[in-house]
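Okay, structure first, notes after.
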Amino acid sequence: MKVLDENIDQKRKSEIPETNAGKVIAISVSEKKGTLKKNVPSAKLLEDWGVEGDAHAGKWHRQVSFLATESIDKMRKAGLPGLRPGAFAENITTEFINLPNLKIGSKVKIGESAELEITQIGKECHTNCAIYAQVGDCVMPREGIFAKVIKSGEIHTEDKIEINYEAEK
């Protein structure tokens with residue numbers, strides 16, 4: 001199994017574009033806070049609100065949450081092989097973008113028209129989540145990122161994600 005995982009990692013590394021681009025692997029929403037998010041094939045991002053129909057949307061700085069599939073893979077290798085996109089309550093699961101290295105203020109375009117601005121990297125956990133309880137770690141506090149929607153648009157799984165520019169240091 002370890003060899004298979006290394007082969008997958010090598011394949012992913014060889015496919016990572018040299019530009020700041022990636023793709024949407026999954027879109028996840030929940031109608032109530034504290035409930036498991038369900039994966040959906042598409043969603044509408046609403047300017048200054050977030051994902052339409054998601055409990056975490058609102059007029060605040062954490063309207064949309066992101067986590068990379070590469071981060072989920074770390075937790076799978078740590079002992080939770082059945083984790084799926086959305087298990088960390090992220091709205092958008094990405095691939096091929098090093099999310100924790102983005103800067104606050106970076107602009108992100110998803111699909112044809114949706115645009116977001118990165119507002120927070122990581123988050124403080126209120127209590128140790130079920131994932132932490134099982135394996136003694138959780139990537140969301142370090143590797144999850146948050147954004148506000150600055151231009152509405154429909155997004156779909158497999159949509160291209162582009163990092164348009166990064167904020168000044």
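Taken together, the values in this text are just the output of simple stated rules run on the coordinates, not laboratory data. Just so we're clear, the structure is a prediction, and the values are computed from it rather than from any experiment. All Cβ positions, even for glycine, are placed from backbone atoms using ideal geometry, and neighbour counts span all protein chains on display.
Just a few scattered comments:
- Pairs from the table (38/148; 44/77; 37/160; 77/148; 37/107) lying more than 27 angstrom apart at Cα are 44/77; 77/148.
- FRET efficiency, residue 160 to residue 48 (Cβ-Cβ, R0 25 Å, nearest 0.05): 0.60
- Counting neighbouring beta carbons within 10 Å and listing from fewest to most, the residues 154, 31 come out as 31, 154.
- Fully extended contour minus Cα-Cα distance, from residue 60 to residue 103, at 0.36 nm per residue: 13.6 nm
- Residues listed by number, the stretch 38-77, amide nitrogen under 16 Å from residue 150 label point at 7 Å toward C-beta: 46-50, 60-64
- Derived scalar couplings ³J(HN,Hα) [the stretch 104-114; Karplus, 6.51 cos²θ - 1.76 cosθ + 1.60; whole Hz; x for Gly, Pro]: 4, x, 4, 9, 10, 10, 10, x, 6, 9, 5
- Residues with amide H under 5 Å from that of residue 94, placed H, sequence gap 5 or more: 25, 67, 68, 69
- Extension gain (nm, one decimal) between residue 39 and residue 120, 0.36 nm per residue minus Cα-Cα: 26.8 nm
- Per-residue Cβ neighbour counts within 10 Å put 156, 56 in the sequence 156, 56, beginning with the fewest.
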